[in-house]
Each structure stands twice: as structure tokens, then as C-alpha cells.
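Below: the structure, in C-alpha cells.
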Amino acid sequence: MKTSVISTFDTNQAAAAGAKIIRAGGLVAFPTETVYGLGADGLNGEAVNRIFEAKGRPNDNPLILHVAQKADAFRLWDGEPPFARALMDTFWPGPLTLIYHRSPLVPDEVTAGLSTVAVRMPNNEAARALIAASGVPIAAPSANLSGKPSPTRAEHVLQDMDGRIPLILDGGPCRYGVESTVLSLTGTPTILRPGAVTKEMLAAVLGEVALAPSILAPLGAGEKAASPGMKYKHYAPNAQVLVVVGEPKAAAARISALYDQFAGAGKRVRIAATAEAAPFYGSRSIALLGTRQDPTTLCSRLFGLLRELDREADVILCEGVGTQGTGLAFMNRLLRSAGFHVEYLP
Ligand code: AMP
Ligand code: MG
């Protein structure tokens, strides 16, 4: 299959080209404000199955349905989720996915057999134009091969999906670069996956919000993931990622020692550093992630940098940061990409 890439500069033309494929049951990769999505007609189980095939995604990992307007979400749920209106008024369109009991309209393939469905309205004009032109909710996970870092540029999608899908809509780099916050509303509001809509922002609307335990820790043996996506090795480049969490000077000292050790053993090593620690790496070459003061930017650069460093390294040594605000989303993705190989310095 030949994969075409067209710009979303002409939004309507791009949406029309994509919608033609979506309506025929095919796959289209498209930009959102979080990461690139791999979309199919969300009401057509056969079309949705093609997403799992193209990604090599385990078929027990459910997808998110994307809608072009708020009203369309309510057809997909069985009744109105508690807090939904307030959350949608505050955060939609935006990087917040809401989970609630599914309506009979939603095919099993989307929810991987679960009784709940995840819905979101993206804050990206090209994405919403594609959904509106298709006339159906679009089921979409991230447009990477299963397990790889999520694509934040059209060229990342092409790296993973060339020959597997007919069309990529190129809308340039994604604003946030990490996937949406996933919030379950079936019981006590619980964050299953952190994103750019933070715990603090949700608490301002909800009062109380819980965090799923799997956000910063691997699942224990026999433990059940609230969100099936959390149980897989995820966001991982081919290189081994090792994380060190600590004050800038101490983290740089530890990473420098690891660097010398791996380099001495003949490994190709790269360092992903924050601006605060950058002065403490001596002559070792570093790739700059951004400043610890701005974890949102760290998030937006993480997946792209992992893909870049992966081309030239066997081992990637990366600084961790605090988990306030969007730092939680950053650490959630980074620890998974490292398979939880992390050192917390005193
Ligand atoms: P992706 O955006 O590629 O990471 O895929 C969608 C994410 O949403 C995965 O982590 C899924 O596990 C999660 N998800 C989708 N639907 C549900 C659901 N009904 N319950 C819990 N998690 C869900
Ligand atoms: Mg994904």
C-alpha cells in the first residue's frame, strides 16, 4: 500500500480526502493537539479492527472515540456521566478523555469488550474538520507501532506506518506531545492516565480527584490495570532508557558516572538533560530537554527526542523531574519508556 502525506494547510481539502477513506472503512492518521492519531470509523467494528492490525496493538487495549462537537459525546455514553457538563465546558475541546458506561451504538472492537467507552473532543481544527466531514466519531489511538514512542510529527507517523495506511494528514508538530488525560467517571473521578489537563486543574472543577496507582509504578503480578494501555511496555525506543531523579547537580553527577561506565564498555550513550543540570556534565555531550520550570515543554519534546536519540544510542540516560502539574504526565511516559529502570537519589 502506498502511503500519501498531505498538508492540512487547506483544512477542508484535507478533511474531504480523509473522510472519503474513513467512510469507506479505511485508516487515516491525523494531527491533534496531543499526538498524531490513527483513525477509523468508530461505529464500524471491521474498520476499527484495521487499527489494531496496522499498529500491532494487543486487542484487549481499547480506543478513544473522537467527536467534533460536545453534543455528539452523549450518544456514545449510556446516560450522562456525573460532572461531564462542567468538565466539557471547562476543558473541551482539549486534551481530556472522559470514560463512562457505553451506549449500544459503540462496537465491541472500540472498547475491547469493556462496558465503558472513552470519548474526547480534540482541540485541533484539522482533526475536528476530519471528524465532521466523516460524519461519525473517529476511533483513534496514537499513530505509532504498538510499544513505540507516540508520534508528535507527521514524519514520525511515516517512520512507523509507511506502507500500512493510505493517508497521513500533516498538521505540523503537536502542541502538547503527550496523549490526553484519561479520567474515569464511573465511580470516584479517577485519573487513569495523566496529561496536559492536570490533577490540579481537574481538582479545581471536581473538588476531589483520585490517581490510579499504575501511573508511576509498574503493575504488580496479578494486579489488574484500570486502563489496559497501562500494562504494556510502552513508549519505548530500541535503546535502553535509564532515568535518574534528583536535584540537578546530584542527578548530573550520577548520570555522568553511568555515562562513563557505559561508554567505557563500548556502548553508544546519549544524555537527555534539563537546563538546570546542563552545566554539571563537563565535556560530555548532552541533548537538552528543556527547563524543569516548564514540564509542559519537557512533555512536548520527550517522544521526539527519544526517537532522535534512538538512532544514535544503545543507552539513553535521562533526568527525571518532580510530579507537580504536567510533571506527572512527563514522568508517567518517561518511566514507561524506561521500563521503570529508575534511580531516585536521596
Ligand atoms: P492511546 O491514546 O494510543 O494511548 O490509547 C488509548 C488509551 O485510552 C489507552 O491507554 C487505553 O487503555 C485507554 N482507554 C480507552 N478506553 C478505555 C476504557 N473504556 N477504560 C479504560 N481505559 C481506556
Ligand atoms: Mg498509544
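Where a number appears in this text, it was derived from the coordinates with a stated rule and is not lab data. Note that the structure is predicted; figures quoted are calculated from it, not measured. Here Cβ is always computed from backbone atoms with ideal geometry, including for glycine, and neighbour counts include all displayed protein chains.
At-a-glance table
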{"item": "Calculated FRET value between residue 162 and residue 210, using beta carbons and R₀ = 51 Å, to 0.05", "result": "0.80"}
{"item": "Where the Cα pairs of segment 238-309 fall when distances are cut into 10 Å bins, in %", "result": "19, 55, 25, 1"}
{"item": "19 Å cut-off, amide nitrogen to a point 7 angstrom out along residue 238 Cα→Cβ, residues in segment 319-346", "result": "337-339"}
{"item": "³J(HN,Hα), Karplus 6.51/-1.76/1.60, whole Hz, each residue of segment 157-169, x for Gly, Pro", "result": "4, 4, 3, 8, 10, 4, x, 9, 9, x, 8, 10, 8"}
{"item": "Gap separating the Cα centres of segment 132-211 and segment 17-48, nearest whole Å", "result": "14"}
{"item": "Residue exposure sequence - 30, 9 - by fewest surrounding Cβ within 10 Å", "result": "9, 30"}
{"item": "Antiparallel %, DSSP beta bridges [both residues in the chain], to 5", "result": "35"}
{"item": "Segment 88-95 - phi-based ³J(HN,Hα) in whole Hz, Karplus 6.51/-1.76/1.60, Gly and Pro as x", "result": "5, 5, 7, 10, 9, x, x, x"}
{"item": "Burial ranking of peptide ranges 46-56, 320-330, 202-212, 118-128 (average Cβ count within 10 Å, highest at the top)", "result": "118-128, 320-330, 46-56, 202-212"}
{"item": "Packing rank of 260-267, 175-182, where each peptide gets the mean count of other beta carbons within 10 Å, highest leading", "result": "175-182, 260-267"}
{"item": "Size of segment 131-216 as Cα extents on the principal axes (Å, biggest first)", "result": "46, 33, 21"}
{"item": "Calculated diffusion of segment 192-346, Stokes-Einstein form, Kirkwood radius summed over Cα pairs, 4 °C and 1.567 mPa s, µm²/s", "result": "80"}
{"item": "Cα-Cα separations in the chain greater than 26 Å, expressed as whole percent", "result": "47"}
{"item": "Fluctuation leader among 314, 89, 78 - the chain, Gaussian network, Cα springs under 10 angstrom", "result": "89"}
{"item": "Whole-Hz couplings from phi, Karplus 6.51/-1.76/1.60, listed for segment 31-37; x for Gly and Pro", "result": "x, 9, 6, 9, 9, 6, x"}
